1. Calculate for the chain the 222 nm mean residue ellipticity that helices alone would give, adding -39,500 (n - 2.57) per DSSP H run of length 4 or more and normalising by residue count, nearest 500 deg cm²/dmol.
2. Output wanted: per-residue J couplings in Hz (rounded whole) for region 119-127, from phi through Karplus 6.51 cos²θ - 1.76 cosθ + 1.60, θ = phi - 60°, x for Gly and Pro.
3. So how do 5, 252, 163, 15 line up by other beta-carbon neighbours within 10 Å, fewest first?
4. What is the distance in Å between the Cα centres of region 1-41 and region 195-215?
5. For residue 87 paired with residue 153, estimate the spin-label separation in nm (one decimal), with each label point 7 Å from Cα along the Cα-to-Cβ line.
6. Assuming a ≥ b ≥ c are the square roots of the Cα gyration tensor eigenvalues, decide whether region 1-94 counts as rounded (a/c under 1.5), prolate (otherwise, with a/b larger than b/c) or oblate.
7. Fully extended, how many nm does the chain gain between residue 112 and residue 40 (0.36 nm per residue separation, minus their Cα-Cα distance)?
8. Quick one: order 209, 40, 9 by neighbouring beta-carbon count within 10 Å, fewest to most.
Amino acid sequence: MAISFVKYHGTGNDFIIIDDRNGAFVDDDAQSIALLCDRHKGIGADGLMLLRESAEYDFKMIYYNSDGALGSMCGNGARCIVQWAKSLGVIDEKTQFEAPDGLHQAWFDQGEVVLAMSDVSVIDSNEYGVFLDTGSPHQICVKNTLKDLDVLTLGRSLRHDFFGVDGANINFVSAGLNGSFDLRTYERGVEAETLSCGTGATAAALAMHYLSLTAHNDVSLNTLGGRLKVAFTFNEGQYTDITLTGPAVAVFKGEWL
């Protein structure tokens with residue numbers, strides 16, 4: 001049976017999205033999902049999402065990494081599926097939807113999607129930097145420059161050797177221009193560097209504030225695929241009112257035969 005899909009990207013982080021409100025997609029076949037995401041034999045993407053019906057909210061987001069495994073929260077993916085839900089008429093200008101880490105809200109601002117993220121109250125220091133969970137687990141490593149950094153080798157080593165079987169996403173951050181920060185990310189599940197990571201950008205912004213490398217609560221992150229903005233409130237050791245803002249771009253639609 002042919003599968004209709006759309007392809008979106010959020011600052012280069014790209015996704016296959018399938019309207020599965022009828023529940024017809026077979027989602028327990030990791031090999032088939034990995035094939036869809038394969039850049040040589042399939043459609044090609046960093047991940048695959050299903051838009052499903054929700055009993056209480058506007059819709060439910062199901063996310064799979066490109067290796068076919070069920071994934072944790074994906075910030076760029078969430079912004080993309082929100083944009084697509086609007087194009088389908090599922091939502092209007094604001095939404096509440098279910099995601100892998102719980103309920104999220106999102107809205108639109110000047111052509112970009114603003115996604116409300118989960119609160120963060122725990123940031124742990126380790127020998128490589130700091131670790132925190134923004135819906136997905138993230139290690140933040142501060143560097144002087146990212147220009148010639150071997151993200152694939154360093155990221156893979158930390159992801160497997162330091163964090164073990166479950167792993168973590170590994171982010172490398174350095175100071176950018178005008179108070180911004182440059183960010184490169186090795187993503188578990190993709191097992192490679194991606195052009196952008198939304199939960200990683202969120203984690204990086206909070207970590208820069210936690211480490212006193214910025215005093216601002218509105219931080220711009222320069223990824224390989226474009227700019228993301230993270231805003232937050234900090235009070236008594238807790239980060240709340242966290243938002244991730246950036247573009248969500250439709251690339252093409254088609255059928256997988």
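1. -5000 deg cm²/dmol
2. 5, 10, 10, 10, 10, 10, 8, 9, 5
3. 252, 163, 5, 15
4. After rounding, the separation between the Cα centres reads 29 Å.
5. Going by the 7 Å Cα→Cβ label model, 4.0 nm.
6. Because a/c hits 1.5 or more and a/b exceeds b/c, region 1-94 counts as prolate.
7. Result for the pair: 22.9 nm of gain on full extension.
8. Result, fewest neighbours first: 40, 209, 9.
Each value in this text was obtained by applying a stated rule to the coordinates, not by laboratory testing. Keep in mind that this is a model prediction, so the values were computed, not measured. Counting neighbours? That spans all protein chains shown, and the Cβs are built from the backbone with ideal geometry, glycine included.
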